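One structure follows; several queries about it will come next.
Where a number appears in this text, it was derived from the coordinates with a stated rule and is not lab data. Not measured: the values here are computed from a predicted model. Note that each Cβ is placed from the backbone with ideal geometry, even for glycine, and that neighbours are counted across all protein chains shown.
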Amino acid sequence: MASTYKRNGTYYAKFHDSSREPANKRFSLRTSKKAEARHRLTDLERAISDGDFDPWRHDPFETVFTSTSAEVTSPKSRLFTIAEVIDAFSKAKRKQGRAESTIRKYTDIWRLLKRQVGEDRDLDKLTPNQVREFIYDQSIKPATQKARYRHIRAILRWAGEGDVLSSVEQPRVGEKLPKAVRKKELDQICRAVITDYREKRRDRRCRPREIVWLVPAFRFSFFTGLRGSELGRLRWSHVNLEKRRLTIYEQKSGNQDTIPLVKPAEELLRQVGPEEGLDAFVFHSPGGDRWDRSAKRFREHVSRQFGKYRDEAGVRSGLTLHGLRHGFATRLAENGSSAVAIKRAMRHSSISTSMKYVHLANGRLQEELDGAFS
């Protein structure tokens, strides 16, 4: 059994075997970085499983980290040039069984670095500024910058020079903002549902409420931020119209929660009305089971219907049923709600998720301001 611990700013490896004397063996991993320590411990464990290293008999920085037979990682004492390290790294990865296509990605990126800093330079003379300049090349996309960082980090860690990256921040690819359904788009989609319903009723191709029940379901999702599956599990017994509260008994997290109902959501429920009793589902088709169903199949059906009427309405093709939930959060953000309030209303586990909607609202504000002065 192996583990790491930190003492006086340096990480140590600890190995335990009750059949050995002493039962515990400790030694320094010669790094102050947690990730680097974990990486080195993994290399040692791999060397043990391959029979190349024994913590009770060998010095890791003479056996594992310098051994040409183990090729697990290289030592501080073994100096590589920029050109040499990629050849040694590739050889070690081939021994580990890595695919040639994967190794080629490392070599292609390292070749670019060699051109920039010089292949005869000693690896331990590589500076954070040189690495930063290479990674944050403004002529490449953020995703490419992130790929460069990931591959360069792997090679430097393997070579025992991971500390070079300690002052180089990892590139962050901009998060994809949610596609929120706007109120105007929701109205267009609902009108498409009503139009289709009227035409089919006129031609006697559907029963009363067979299609039009989707309208209050769509609107309720927009006014509450409920997920499709939560909409499918919603029963009248979960609703308290007097206190304007809604209890969600099974969320994505598996826990239950109670959320307030905004006025439009309350009014919509009063219009729908509990016709079949408290145990009945709030939203269902005329022919659907009112007391027992699969929330997953309900969500999939309603999602397909949303896509169908979205297309008929001619609104943005990328919008989905889940976009109604995004629309609820974005509406809160655009009206000045804080990320904390959005987190509570949306029942997010992390406030970073809630911040996406604040960014989305700010982006929309930027568009409106640019439009006003263009």
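What nm value, rounded to one decimal, do you get for the distance between D137 and E45 when each label is placed 7 Å out toward the C-beta?
Reported label-point gap for D137 and E45 is 3.5 nm.
Using mean Cβ contacts within 10 Å as the protection proxy, how do 319-330, 10-21 order, highest first? Write down the numbers at each step before the final one.
Values: 319-330: 22.5, 10-21: 13.8.
The peptides rank, most packed first, as 319-330, 10-21.
Under a point-charge model restricted to the Cβ atoms of Lys and Arg (+1) and Asp and Glu (-1), what is the dipole moment magnitude of the chain relative to its Cα centre, in debye to the nearest 20? Walk me through the intermediate numbers first.
Numbers: 75 positive and 49 negative charges, 195 e Å.
Dipole magnitude for the chain comes out near 940 debye.
Taking the number of other C-beta atoms within 10 Å as the exposure measure, put W110, W291 in order starting with the fewest.
Ranked by crowding around the Cβ, least crowded first: W291, W110.
Follow-up question, since we're still on this one. What is the fewest-to-most order of V85, V340 by other Cβ atoms lying within 10 Å of their Cβ?
Starting with the residue having the fewest Cβ neighbours, the order is V340, V85.
Sequence-distant or interchain residues sharing an amide H contact under 5 Å with V168, placed H: which?
Correct list: empty.
Another one. When the helix-only estimate is applied to the chain (DSSP H runs of n ≥ 4, each -39,500 (n - 2.57), divided by the residue count), what is the mean residue ellipticity at 222 nm, nearest 500 deg cm²/dmol?
-15500 deg cm²/dmol
Which whole-Hz couplings ³J(HN,Hα) result when phi for each residue of the stretch 54-61 is put into the Karplus expression 6.51 cos²θ - 1.76 cosθ + 1.60, θ = phi - 60°, listed in order with x for Gly and Pro?
10, x, 7, 10, 10, 8, x, 8
Kirkwood hydrodynamic radius (Cα pairs, Å) of the stretch 183-321?
Radius from the Kirkwood sum: 15.6 Å.
Separate question: What are the equivalent ellipsoid semi-axes of the stretch 107-256, built from the alpha-carbon gyration tensor (square roots of five times its eigenvalues), in whole angstrom, biggest first?
58, 21, 12
Right, something else. Compute the Cα gyration tensor for the stretch 82-167, then decide on rounded, prolate or oblate, letting a ≥ b ≥ c be the square roots of its eigenvalues: rounded whenever a/c is under 1.5, prolate when a/b is larger than b/c in the other cases, and oblate in all that remain.
oblate
I've got another one for you. Which links in K179/K343; K34/K141; K179/K308; K34/K146 stretch past 25 Å when you go from one Cα to the other?
K34/K141
Along the charge dipole of the stretch 140-290, Cβ charges K/R +1 and D/E -1, which of L241, T195, G273 sits furthest on the positive end?
Checked the options; the winner is T195.
Taking the beta-carbon count within 10 Å as an exposure proxy, list R94, R153 from fewest neighbours to most. Each step should come with its number before you reach the end.
Working: R94 13, R153 20.
By the 10 Å Cβ count, ascending: R94, R153.
Then there's this: Place +1 on the Cβ of every Lys and Arg and -1 on the Cβ of every Asp and Glu in the chain, take the dipole about the Cα centre, and give the residue among F80, G318, Y136 whose Cα lies farthest towards its positive end.
Value: G318.
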